[in-house]
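Below is one structure, written out as structure tokens; the observations come after it.
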Amino acid sequence: FIWKNYTDVWTRINFSLYGWNTLKITLAVTIGRLILCSMAGYGFARMKFPGRDALFLITLATMMISSQITIVPNFIIMRYLGLVDTHFGVILPQLADGFSIFLMRQFFLTFPYELEDAAKLDGCNPLMFYLRILIPNSKPIMATLAVMTFQGVWNDFLWPLVMLTSPAKRTLAVGLSYLVGQYTTRWDLQMAGSVLTVLPILVLYFILQKYFVQSIKMTGLKG
């Protein structure tokens, strides 16, 4: 265990700046996905509107499309919007995905409809039912989705590499890749950087561990 590797990697690739960039992007995507996907899941699970099932099938179909296939179309859209080489351009395409919507919908379907009828009798409209009843009772699935999203965005390499060209806007995954040279590679610094990079994910998991485990237990319950 050599402490010098950690201090070297911290200064060599501007670790603190890249870490802040990564944290900002990851938190924005995680919070945005929790809000948007929970609202979409609520709409598909509890509300009736024309074309709901067909729209949900289209949402499920997006899960069969690899993220690598959408890189070029997403980049063209971000360039058209003037968001290339911006953190918002990295965040925007990741705010919602089919799997997260599907996950939230399936969880919301487990709530009995009698609960919704009782809430309506008490004067709850659909938005109040979503905010005051569904969300407070959905901590396990929200924590699970938060951990999965945080891990995926924190470790994302390809999309930030395509979108960000300025060194000051790089993320940790992209910054660590610059330790690999054409002729030499500092594996000691790469390993030290990888250890530092994985620490926030471990901290988040331990904080939300009880909710994460609870969501796994609830998948085996029926009735």
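The values are calculated or read from the model by the stated rules, or taken from the named source; none is laboratory data. What you see is a predicted model, and the numbers here were worked out from it, not measured in a lab. Please note: Cβ atoms are built from the backbone with ideal geometry, for glycine as well, and neighbour counts cover all protein chains shown. These area figures cover heavy atoms from the full protein model, side chains too; ligands, DNA and RNA do not enter into them. Shrake-Rupley method; radii C 1.70, N 1.55, O 1.52, S 1.80 Å.
Tell me the angle of helix 52-61 to the major Cα principal axis of the chain, expressed in degrees between 0 and 90 and rounded to the nearest ten. It is inclined by approximately 20 degrees.
Under 20 °C and 1.002 mPa s, how fast does the stretch 1-104 diffuse according to Stokes-Einstein, given a Kirkwood radius computed over C-alpha pairs? Answer in µm²/s, whole number. Let's see the in-between values first.
Working: Rh = 16.4 Å.
The estimated diffusion coefficient comes to 131 µm²/s.
Rounded to the nearest 10 degrees, the inclination of helix 139-154 to the longest alpha-carbon principal axis of the chain is 30 degrees. The local environment of Arg46, defined by Cβ-Cβ distances under 12 Å, has a net charge of +2 under the rule Lys, Arg +1 and Asp, Glu -1.
Per residue, the stretch 93-150 exposes an accessible area of 50 Å² to a 1.4 Å probe, with every protein chain left in place. Shape analysis of the chain yields a ratio of the Cα radius of gyration to the Kirkwood radius, Rg/Rh, of 1.05.
Partner aspartates and glutamates whose Cα lies under 14 Å from the Cα of Lys169, excluding those fewer than 8 positions away in the same chain, are identified as Asp85. Kirkwood radius for the stretch 13-60, taken over all pairs of different Cα atoms as the inverse mean of 1/r, rounds to 13.1 Å.
Mind putting a number on the dipole of the chain about its Cα centre? Charges go on the C-beta only, +1 for Lys and Arg and -1 for Asp and Glu, and I need it in Debye to the nearest 20. Working shown, then result.
Numbers: 18 positive and 10 negative charges, 32 e Å.
In debye, rounded to 20, the chain gives about 160.
Rolling a 1.4 Å probe over the protein heavy atoms of the chain, with every protein chain left in place, gives an accessible area that is 68 percent carbon and sulfur. Rounded to the nearest 10 degrees, the angle from helix 209-218 to the longest Cα principal axis of the chain is 40 degrees.
What do the square roots of 5 times the Cα gyration tensor eigenvalues come to for the stretch 123-168, in whole Å, largest first, as semi-axes of the equivalent ellipsoid?
Numbers: eigenvalues 259, 38, 9 Å².
Working from the Cα gyration tensor, I get semi-axes of 36, 14, 7 Å.
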